[in-house]
Amino acid sequence: MPSLFDAPDLPRPAREIAPGVVHLPGALDLPQQESLVSQARDITRSVAGTPVGMRRPLIGGGQMSVHVLSLGHHWATNPYRLVRQVAGHAVPGVPGNYQQLAVEFLRQAAAISPALAPWSEGFRAEGGLVNYYPPDARMGMHVDADEPSGAPVISLSIGDTALFRMGNTLNRHKPWVDVSLLSGDVIIFGGPSRRAYHGVPGVQPGTAPEGCGLREGRINITIRQVGE
Ligand SMILES: O=C(O)CCC(=O)C(=O)O
Ligand SMILES: [Fe+2]
């Protein structure tokens, strides 16, 4: 679906794509991307085959095409609640470097979007999700409603280019804004868009740059504050 994606040679300034949503193109250099991928891979391996390992969650009637690893806490069902361990297996912690990255990108984003300014100090990286998108994966429109906190979500993209769709707070339909996320791009969403619908309609296979740490597919890391 290349027609969905921007021409790769267009200038890509840092900008607010919707109220409280800031795109920081190329915010992570290749060595940073490579080391985040290798760190995520080590964590994933350390819990592989356990109930807190990377998995493809069931949602509604189907199974997600994206593989998900929870960091810091895990959402259990029946009853729906935050847990720190599953069947005796501890959920892997949030790596310390996520806190520093979150604060750095929040400051950059707050300088562009006044709605994010209240969060440029005091953010706590209490939870994280590592999403792995195989080349044909996608993520449907949804709201990130699991965290009681209204703090912004800091979202890092590594690997294949993704089409990211930021919608509205009312429903999963238009109006929305589409933006191509290249390897190393960061999106921060908060303020009036913290509970907006968003999703990833597709990933462009074969676009991961040499040296990012991934040969194919895409990794998305989100860093989240959970409590108020
Ligand atoms: O992969 C992305 O860029 C978005 C991921 C996302 O929306 C989520 O994990 O809640
Ligand atoms: Fe999300």
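The values are calculated or read from the model by the stated rules, or taken from the named source; none is laboratory data. Note that the structure is predicted; figures quoted are calculated from it, not measured. Surface areas here come from the heavy atoms of the whole protein model, side chains and all, with no ligands, DNA or RNA. Shrake-Rupley method; radii C 1.70, N 1.55, O 1.52, S 1.80 Å.
In table form, for the structure just shown:
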{"read-out": "J(HN,Hα) series, the range 120-128, from Karplus relation 6.51 cos²θ - 1.76 cosθ + 1.60, nearest Hz, glycine and proline x", "value": "6, 10, x, 5, 10, 7, 9, x, x"}
{"read-out": "Directionally averaged projected area (convex hull, Cα atoms, the range 124-171), nm²", "value": "4.3 nm²"}
{"read-out": "Surface accessible to a 1.4 Å probe, per residue, for the residues of the chain, Å²", "value": "47 Å²"}
{"read-out": "Accessible carbon and sulfur surface of the range 81-143 relative to its total accessible area, %, 1.4 Å", "value": "55 percent"}
{"read-out": "Alpha-carbon centroid distance for the pair the range 70-120 / the range 174-228, whole angstrom", "value": "15 Å"}
{"read-out": "Three-way shape label, the range 1-128, alpha-carbon gyration tensor, a/c 1.5", "value": "prolate"}
{"read-out": "133, 197, ranked by accessible area, largest first (probe 1.4 Å)", "value": "197, 133"}
{"read-out": "Cα-based shape type of the chain, given that a ≥ b ≥ c are square roots of the gyration tensor eigenvalues and the cut on a/c is 1.5", "value": "rounded"}
